[in-house]
Amino acid sequence: MPVCRTALKQAADDIDQGFAMGAPVADLLHLRAELVDAVLVHAWEHSGLGETGRALAAVGGYGRGELHPGSDIDIAVLLERRPDQVARRKIEGFLTFLWDVGLNVGHSVRTIAQCRSEARADITVATNLMEARLLAGAEPLFAAMQRETGPRQIWSTSRFFAAKRDEQIARHHKFDDSVQNLEPNVKEGPGGLRDIQTVAWVARRHFQADSLAALVEHGFLTAAEYQTLHACQLFLWRVRYALHLLTGRREDRLVFDHQRRIAERLGYTDQGRRNYGVEQFMKSYYRTVNEVSRLTEMLLELFREVIVEPRRKVKVRELNNRFQTCNDYIEARNDRVFRRNRFALLEIFLLMQQNPWIKGVRATTIRLIRDHRHLIDDSFRDDLRARSLFLEILRQPRRVGFELQRMHRYGVLGAYLPVFEAVAGLMQFDLFHVYTVDEHTLMVVRNMRQFWFPTGDEPPLCREVAAQIPKPELLYIAGIFHDIAKGRGGDHSELGENEAVEFCRRHMLPAWDTRVVAWLVRNHLVMSMTAQRQDISDPQVINDFAGLVGNVTRLNYLYLLTCADIRGTSPRLWTSWKDALLRELYFGTLRALRRGLENPIGRSERIAETKREVLAALASSDLPEHAVERLWNGLDEDYFLRHSADEIQWHAENIVRTSEHKLPLVLIREQTGRGGTAVFVYTRDRDYLFAIMTRTLDQIGLTVLDARIITSRDGYTLDTYFVLEAATGEMIEGRKRAQEIVRALRSALLDPDSASGNVNRRPDRKLRHFGIPTRVTFLPEDARGRTVMEVVTSDRPGVLARIGMALRFCDVRLENARIATFGERVEDIFFLTGRDRRPIDDPLKFECLRNTIVEALTSPDER
């Protein structure tokens with residue numbers, strides 16, 4: 001037995017060596033299957049099972065003769081009748097031998113009647129048996145199994161097709177219906193090997209075709225389409241083969257742990273700082289699965305027309321001289337439509353927008369579109385008819401995003417906009433950008449369209465603002481071009497602006513429209529960066545931003561573009577906190593613009609208004625006004641600028657009623673207008689307070705979004721931390737959870753040593769693949785005379801607590817903090833002063849802060 005195991009492993013290793021030497025992957029898969037065939041047939045005969053009335057069959061992927069290094073070896077033992085005790089012992093001995101020599105065997109032992117019964121009940125069993133290949137034993141028995149599980153007995157072609165289509169839809173839903181997931185599944189994901197197999201299964205069931213190549217003979221695939229599909233299959237086979245070799249097991253997920261090493265194994269190398277081998281590899285991967293998705297969509301639609309439609313009455317409806325619908329699917333009226341009028345390549349998408357009852361495109365027409373894409377050349381793009389059609393598509397009231405996505409799937413959008421084709425499949429190897437540039441761009445446009453036709457989860461303000469913009473198509477154009485220059489090097493906003501201007505010029509947009517689009521593309525990041533990285537409670541920040549925006553129309557466009565962009569970057573990136581920040585910046589800027597840029601609101605005026613509003617709200621309460629005034633007299637103007645009237649009222653009502661011996665006062669507001677849960681602490685000021693608070697919040701599973709640090713003249717701190725649940729990104733819910741937080745914080749403040757333990761949360765597995773060197777930068781002081789410090793580092797538990805300890809060590813005061821995490825990258829802003837509450841101007845302080853923070857955030861492996 002050990003000799004057999006060693007020999008089998010050596011033979012498999014020899015085959016795998018061929019992969020490293022560049023041998024055709026299809027040959028390697030077949031060689032592995034042939035090696036296992038030989039072992040199984042030998043074991044079958046030597047186990048005494050070679051008598052009549054029995055057969056051994058390979059099923060599933062092994063039945064197709066395709067074995068990857070970690071693939072299961074699925075076999076079926078077929079019997080004429082139920083096995084007696086002697087036969088059972090022989091079968092058990094046969095299987096035991098296979099396991100002992102190291103084969104990962106999945107097996108079934110069934111009579112023909114059982115095969116039929118199990119296959120009738122389970123489409124997966126029927127599919128496995130359909131791919132069966134006889135290895136040894138009685139051929140008549142094997143033929144009987146094929147006959148009894150064939151389409152004439154069970155799972156007619158139409159039922160089989162419907163089941164497989166539903167199975168594919170459900171499988172795609174598990175991957176968010178996206179071919180471009182950050183960590184894709186090579187086998188099961190959309191555009192993966194399973195989609196190719198689905199086409200092959202339906203073809204086998206309907207045509208008894210034993211390969212994809214046979215579909216060419218049946219007229220379902222052209223020779224060119226088969227070559228494309230086969231090339232995609234070979235690429236995915238190589239990726240899967242490399243994954244199995246790398247992990248030493250069946251592994252079909254292309255996770256971050258493996259992407260770099262797979263890229264290296266497949267020969268992709270870094271070509272400069274902005275063209276990493278892993279990004280080249282993933283671009284090839286995404287382009288491959290996109291092509292598989294396009295071809296399989298067309299083929300399955302063709303199967304639907306051939307298998308399902310003949311059973312239905314055909315209803316034809318004429319649309320114009322070029323197009324008609326057949327059972328509500330649009331089709332070209334003849335196969336010469338696009339040769340006679342090449343602009344019909346755009347017109348068909350416009351017709352589907354104008355006739356929303358159309359369900360889709362018939363497969364024969366999808367093929368015609370694919371075959372005539374080459375007609376979209378420079379002369380096509382320069383023609384007024386093409387430009388007018390494309391703009392008309394963008395100006396339609398419905399299905400703009402949907403039809404642009406369809407145009408992309410069929411290859412028309414990239415043909416019409418070569419700059420868009422250049423970013424197709426382009427990924428960035430980080431956790432912030434979940435989608436490739438092309439998919440993100442189309443998601444952004446889809447998000448924009450939903451502002452007019454909401455599905456329920458859009459920010460309400462977006463719907464209100466969308467109703468005010470004069471030309472929605474300008475917003476869509478800005479969405480298409482905002483990231484169009486990614487991957488080129490340089491500032492993609494500036495380069496994208498140039499591309500947008502060229503598009504507008506070619507499409508003869510008015511000068512005002514062109515300026516709006518160009519400005520939006522160039523400044524598409526400004527609003528989010530201002531909201532997340534600057535102190536927008538400062539009137540000067542608002543006035544500066546309003547000066548950049550210039551007018552309400554541009555503000556409305558920029559707000560919508562910003563919301564759509566963030567929501568289209570990652571499912572988890574848009575939060576109620578970001579929603580609240582952008583709302584606050586929008587309304588603050590709107591007020592500044594309506595007041596007039598030449599007449600900005602001053603700090604003293606803003607503070608006076610806030611105080612009047614609070615006192616008016618407190619007039620009906622039993623709170624003495626003189627007690628409130630006494631509290632306020634100990635606070636600087638920063639307190640009134642950085643808190644809303646509602647927040648100031650909440651603080652006053654609780655602080656005035658709390659005696660000294662009951663401190664620290666810890667309050668929770670479970671719902672706030674700022675989109676996060678507010679944790680407010682009033683206590684005597686002390687050393688390490690920020691470090692104690694952030695460490696404790698981290699330990700109890702909360703993420704800090706914003707920190708406002710206020711110290712009164714008489715030595716009390718009024719600190720507010722806006723937090724979300726780290727696990728869900730949601731606000732704190734429930735009285736029990738709020739009480740748990742209050743108890744933990746009070747305990748830590750009363751006994752700081754209790755908060756000195758390590759943060760227990762484990763860092764995300766994905767983060768270790770994106771090591772970001774810690775960088776500390778000091779920026780020009782802000783309008784309030786505070787030193788601004790930026791810390792860029794890798795995300796991990798406990799970052800804020802370590803920074804807090806460094807601030808104390810270097811003897812500086814923290815006045816405010818803006819916390820921002822982009823995927824694996826932390827970009828936090830801290831507003832600091834010296835003990836005298838003046839800007840830091842001592843070079844030794846800067847050096848202390850930089851060295852201490854870098855040391856605190858550098859892991860032992862990085863030193």
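Remarks
- Stretch gain in nm, segment VAL526-ARG81, where the contour uses 0.36 nm per residue and the Cα spacing is subtracted: 152.7 nm
- With the convex hull drawn around the C-alpha atoms of the stretch 772-831, the volume per residue stands at 82 Å³.
- Spatially, the stretch 571-629 and the stretch 118-136 are offset by 69 Å when compared through their Cα centroids.
- The chain - percent of accessible surface contributed by carbon and sulfur, probe 1.4 Å: 49 percent
- Long-range HN-HN contacts of LEU221 with modeled amide H, under 5 Å: VAL216
- In Hz, Karplus ³J(HN,Hα) per residue of the stretch 187-199 (6.51, -1.76, 1.60; θ = phi - 60°; x = Gly, Pro): 8, 8, x, x, x, x, 4, 5, 5, 5, 5, 4, 4
- Computed over the stretch 296-422, the ratio Rg/Rh where both radii use C-alpha atoms and Rh is Kirkwood: 0.96
- Selection from TYR476, LEU345, GLY411, by position along the positive dipole direction of the stretch 331-489 (Cβ): LEU345
- For the pair the stretch 459-510 / the stretch 165-181, the C-alpha centres are spaced 30 Å from each other.
- Difference of contour (0.36 nm per residue) and Cα-Cα distance, ASP378 to GLU613: 78.3 nm
- Scalar couplings 3J(HN,Hα) for the stretch 292-306, obtained by applying the Karplus form with A = 6.51, B = -1.76, C = 1.60 to θ = phi - 60°, are 4, 4, 5, 5, 5, 4, 5, 5, 5, 5, 5, 4, 4, 5, 7 Hz; x denotes Gly and Pro.
- Free-standing Cys residues across the chain, given no other cysteine C-beta under 4.7 angstrom: CYS4, CYS115, CYS232, CYS326, CYS462, CYS504, CYS563
- Simple spin-label estimate for THR728 and ASP544 in nanometres, 7 Å along Cα-Cβ: 3.8 nm
- Residue-averaged [θ]222 nm for the chain, counting only DSSP H segments that reach four residues, each worth -39500 (n - 2.57): -16500 deg cm²/dmol
- Taking the C-alpha atoms only, the angle from helix 689-699 to the longest principal axis of the chain is near 20 degrees.
- With 0.36 nm allotted per residue and the present C-alpha distance subtracted, the LEU246-GLU653 stretch has 140.2 nm of extension available.
- Tilt relative to the chain, helix 223-247 - C-alpha long axis, 0 to 90 degrees, to 10: 70 degrees
- Each of LEU593, CYS326, ALA466 was placed along the dipole of the chain (beta-carbon charges, centred on the mean Cα), and the one lying farthest toward the positive end is CYS326.
- Normalised Debye scattering of the chain at q = 0.05, 0.11 Å⁻¹ gives log10 I(q)/I(0) of -0.39, -1.27, counting only Cα atoms as equal scatterers and leaving out solvent.
- Mean separation of Cα contacts under 8 Å (6+ apart) over length of the chain, as relative contact order %: 7 percent
- Net charge dipole size for the stretch 473-565 [Lys, Arg +1 and Asp, Glu -1 on Cβ; Debye, nearest 20]: 200 debye
- If R0 is taken as 30 Å, the Cβ-Cβ distance between ASN355 and LYS313 corresponds to a FRET efficiency of 0.90.
- Whole-number accessible area per residue in Å² for the stretch 197-265, which is evaluated in the context of all protein chains at 1.4 Å: 41 Å²
- Descending semi-axes in whole angstrom, ellipsoid equivalent of the stretch 60-178, from the Cα gyration tensor: 27, 20, 12
- Dipole in debye (nearest 20) - the chain, about Cα centre, beta carbon charges: Lys, Arg +1; Asp, Glu -1: 2160 debye
- Protein-only accessible surface at a 1.4 angstrom probe places the residues PHE160, PHE690 in the order PHE690, PHE160, largest first.
- Rounded to the nearest 20 debye, the dipole size of the stretch 1-95 about its Cα centre is 440 debye, using +1 on the Cβ of Lys and Arg and -1 on the Cβ of Asp and Glu.
- With Cα atoms as the point set, the radius of gyration and Dmax of the stretch 662-753 evaluate to 12.4, 39 Å.
- Evaluated over the stretch 597-697, the Cα radius of gyration and Dmax, each in Å: 15.2, 50
- Rounded Å value of the spacing that divides the Cα centres of the stretch 197-238 and the stretch 253-313: 16 Å
- Nearest 10 degrees, 0 to 90: helix 344-354 Cα axis against the chain principal axis: 60 degrees
- Based on the Kirkwood approach, the hydrodynamic radius assigned to the stretch 171-325 is 17.4 Å, with every pair of different Cα atoms included.
- Sites ARG336 and ALA223 - FRET efficiency at Förster radius 22 Å, r taken between beta-carbons, to 0.05: 0.55
- Using the 1.4 Å probe convention, the accessible area of the stretch 346-504 works out to 34 Å² per residue with neighbouring protein chains retained.
The values are calculated or read from the model by the stated rules, or taken from the named source; none is laboratory data. Since the structure is predicted, the reported quantities are computational estimates derived from the model, not experimental observations. Every residue, glycine as well, gets a Cβ built from its backbone with ideal geometry; the counts of neighbours run over all protein chains shown. What goes into the accessible areas is simple: the full protein's heavy atoms, side chains included, and nothing from ligands, DNA or RNA. Shrake-Rupley method; radii C 1.70, N 1.55, O 1.52, S 1.80 Å.
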